[in-house]
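Any read-out appearing in this document is the output of simple, stated calculations on the displayed coordinates, not a laboratory observation. The shown structure was predicted, so the numbers you read here are calculated from the model rather than taken from an experiment. A quick note on method: Cβ atoms are made from the backbone with ideal geometry, for glycine too, and the neighbour counts reach across all protein chains shown.
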Amino acid sequence: MTSMERRDRPLWMLIPGAILLAVVILAPLALVSYMSLTDLDQYTLRHWTLAPFIGLGNYVEALLQAPLLSSIWISVSTAALVCVISLPIGVTAALAMQNRFPARGLVRSLFLIPYVLPAFAVGAMWRTILKPDAIVNGVLGQLGLPAPLWLNGPASYWVLVAVEAWSAWPFVYLLTLAALQSITKDVHEAAAIDGALGWAKLTRVILPQIAGSVALSMVISFLHSVNNFSVPYVLFSLPAPASVQVLPLLTYAQSFQSFRFGLSAATAVASLIIVAIPLLVYLRALRLDVGERR
Amino acid sequence: MGRRRFRGLTALVLAVVAAVSACGPAQPGTRTLQVIVSVNGSYPTQQKQWFAYIAEKFKQRTGADLAFDTFSSTSDVLTRMQTSVISNQGPDVFEIGTTFTPTAFSTGAFTTLTDQDWAKVGGKQRFRPATLGLSGPAGREIAVPETSLPYVLVYNKELFARAGIDHPADSWDGLLTQAKQLTKGGVYGLDVAYGDTGDTWKLVRNMTLQLGNPLVQGKNVTLDDPRTVAAYRMLYSFRGTGVVDPATVGWNNSQALAAFAAGKAAMMLGTSGLSQNTLDNSAVAGKYAYATMPTIPPGHATLPSGGVPATSILSGNNLVVADYSINQDLAFDYIDLVTSEAEQEHLFDVFGVLPANAAATAKVTAGRADLGPILASGQGSVGTPFNGAWADVQLQLSNVTVQLIPQLARGRVTDAQITDQLQAAQKIAADAVARAR
């Protein structure tokens, strides 16, 4: 595209989108950033615009006193594990669903159930199943196995990972399946002509073709997991066991149980920055942010 | 775009705008009072019927409509309150729990009751003195008591008689001894909802008061006091001695009540009059009775010097009027109506909640010996400190048990583990109290 063509582009048509972006994203972000610099709590809520300005006080408290770093670690590690678990399951399921077989439509639909269930329902279902005197421990007891505590203590972290992975893998499956279906017949034929079959075809032809979609599904799954509030909230309620106090739970507790809205805003902003930096680097490396493949 | 199509689109936009406008808050002159109340999980159908019933009464009385909304948790109502406080619009009247009233007060968003306001709702003398304990600081009250729900102990008379025990003990040590005697044949002596964050702190608070530790007094916070350790030690000893079902570590209050109702436990701590409906339709119907919870603290045979014989926290519901409300008079009309003698009796008949209205209380409890312990517990209730930081203190007290559930599940919680948790709780609670205004 020449520089002349660039100048002639009707950029004014982006104005509605820019306004929407400003109203929906930038304005709340600016507001929460301002809140994070004030001592906004239950005592100043009534006249919130007059809440005392305390600079970086909330950030210092969030980093040094509140369990922010521990929550970031729990959130990020949980999300990473969810991605690691979801990836092979989702990709394998998509590959298995690629070829026609009887009742394929039904199986495809069934695979989507964990994803389409509301997060609240997912949490409530697993909480019911994993309670100390519920079905899982009942079965373990009948088999003569010890019945651990699932919703508190060391196992609770792994329960969170497992439940989130359970509801996350169908998304990976869905994007992978869409990518597989976009591979044209020509590619398959070319692979066959070149003698690439079976494992060689999968690793050298198919996977490179779907890598972008799979990577995108990983990024979205990671972000979704980091921001997932409903599942840990319903599974563990508040106050949550320390081992599963993820960022959304910490932010919620600071806001709606301790009424420290300023501190909670600082926690949200700090965690956004901490999570966004590696994410932006990753997006840039994969060039997912510009929508082009290297 | 054709003219016809353009007109159709314009009509659609106008219709959407009109519909959205109709969803907004009531405008001045529409005479609709918006009231938000806690959802009644025990009596959902009756609550809906009561909404219609009281709306009709209110219409007859004032000519205005009542619009009810419900919330399911403290977090839920706080979210609504926060939105309303900032936007200056929302419900005119909030029904809030007694322990939440200090938090509501600290926002400064509710009408401070003048003498004239009190007169509009029948005067303070209309209410039992005990129920006024968490209305607000003297002369700056914001809350009118609506109902009283003191916590009590419920026990299985048949199992007690079989074990040769007359009545639940009045000391915690005695209660533990009785629970051991009653634990046999697949039935546990006691039922405690360890997994219910709303339950355990109330029991601990009773015990610490009985030991002479108020937890918060002015700016002084004593969560890490040895008397608090003693209270938690007692609470956890029920699990340690095997008098409760091991599964109670994951139970909430409803599950604990269900176990008692099924005859699987001889006693249950921390229930209220609301449990009557469940129990009257269960395996223990006609076999149960209420009693006040022990008032003699752990490790003692009599109340020690400085101890307060607290039977329960001051529990129930209050009504507060939002100061942004343009329907102040209607709001007080509503409060006057629901706290009147007749309507308080009706509330008792429908929901089993003890009236805050003194005359109604006398009427509904006359000749009802079974309600005596509930009334006694109400009279012996001690309010939580009227401090804006109390919610944080309460959260920390609950959190101690949440973090110790794994040890409790194994059956042994040491003093060192309790102390560790309490020291962390002390720091957070002290910071919150120091910030309180």
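Some points to look at:
- Inter-chain neighbour count for B:189-199: the average number of beta-carbon atoms from partner chains within 10 Å of each residue's beta-carbon is 1.
- Ordering B:Met267, A:Met13 by the number of other Cβ atoms within 10 Å of each residue's own Cβ, fewest first, gives A:Met13, B:Met267.
- Across the range B:257-378, counting alpha-carbon atoms alone, Rg and Dmax equal 18.0, 56 Å.
- Hits among lysines - C-alpha to C-alpha of B:Lys363 under 22 Å, sequence gap 8 or more where chains match: B:Lys57, B:Lys124
- Residue order, fewest to most surrounding Cβ atoms within 10 angstrom, among B:Arg435, A:Arg9: A:Arg9, B:Arg435
- Radius of gyration over Kirkwood radius for the range A:66-259, both on Cα atoms: the Rg/Rh ratio is 1.07.
- Of the DSSP H helices in chain A, those that are both long (alpha-carbon extent of 15 Å or more along the helix axis) and hydrophobic (Kyte-Doolittle mean at least 0.5) are A:68-98, A:104-116, A:119-130, A:155-181, A:207-226, A:261-286.
- A cut-off of 5 Å between modelled amide H atoms, ignoring neighbours fewer than 5 places along the same chain, links B:Ala265 with B:Tyr188.
- Over the range B:378-437, equivalent-ellipsoid semi-axes from the Cα gyration tensor in Å: 25, 16, 8
- DSSP assigns beta bridges within the protein assembly as shown; of those with both partners inside it, close to 70 percent run antiparallel.
- Scattering profile of the range B:174-323 at q = 0.11, 0.18, 0.21 Å⁻¹ [log10 I(q)/I(0), Debye over alpha-carbon scatterers]: -0.46, -1.11, -1.38
- Cβ neighbours within 10 Å from other chains - mean over B:399-409: 5
- Database remark: amide H of B:Gly316 closer than 5 angstrom to the amide H of B:Thr98, B:Thr99, B:Leu149 (H placed geometrically; neighbours at sequence offset of 5 or more, or on other chains; Pro and chain starts carry no H).
- Where GluC sites (Glu not before Pro) fall in DSSP loop in the range B:48-154, at most 10 other Cβ within 10 Å: none
- Legend: Rg and Dmax of chain B, from Cα coordinates, 23.8, 91 Å.
- Counting every C-alpha pair in the range A:83-185, the share spaced more than 21 angstrom apart comes to 48%.
- Between the listed residues A:Ala51, A:Phe229, A:Ile193, the Cα displaced farthest toward the positive end of the dipole of chain A, a dipole computed from Cβ unit charges relative to the Cα centre, is found at A:Ile193.
- Its alpha carbons considered, the range B:187-276 gives a radius of gyration followed by a Dmax of 14.1, 45 Å.
- Kirkwood estimate for the range A:44-129, i.e. one over the average of 1/r between Cα atoms, Å: 17.8
- Cα lying deepest toward the dipole's positive end in the protein assembly as shown, options B:Gly108, A:Ala155, A:Pro67, charges on Cβ: A:Ala155
- Point-charge dipole on Cβ atoms (K/R +1, D/E -1) for the range A:66-259, about Cα centre, debye to 20: 260
- Cβ neighbours within 10 Å from other chains - mean over A:253-259: 6
- Based on Cα contacts under 8 Å between residues 6+ apart, chain B shows a relative contact order of 25 percent.
- Dipole magnitude for chain B: about 840 debye, using +1 per Lys or Arg Cβ and -1 per Asp or Glu Cβ, origin at the Cα centre.
- Contour excess over end-to-end distance, with Cα ends at A:Trp73 and A:Arg9 and 0.36 nm allotted per residue: 18.5 nm
- Per the Debye formula on identical point scatterers at the alpha carbon atoms of the protein assembly as shown, with no solvent, log10 I(q)/I(0) at q = 0.07 Å⁻¹ is -0.60.
- For A:Tyr282, A:Tyr173, the sequence from fewest to most other C-beta atoms within 10 Å is A:Tyr282, A:Tyr173.
- Rounded, prolate or oblate (a/c below 1.5 giving rounded, otherwise prolate when a/b exceeds b/c) for the range B:108-189 by Cα gyration tensor: prolate
- This model, with +1 at the C-beta of Lys and Arg and -1 at the C-beta of Asp and Glu, gives the protein assembly as shown a dipole about its Cα centre of some 1840 debye.
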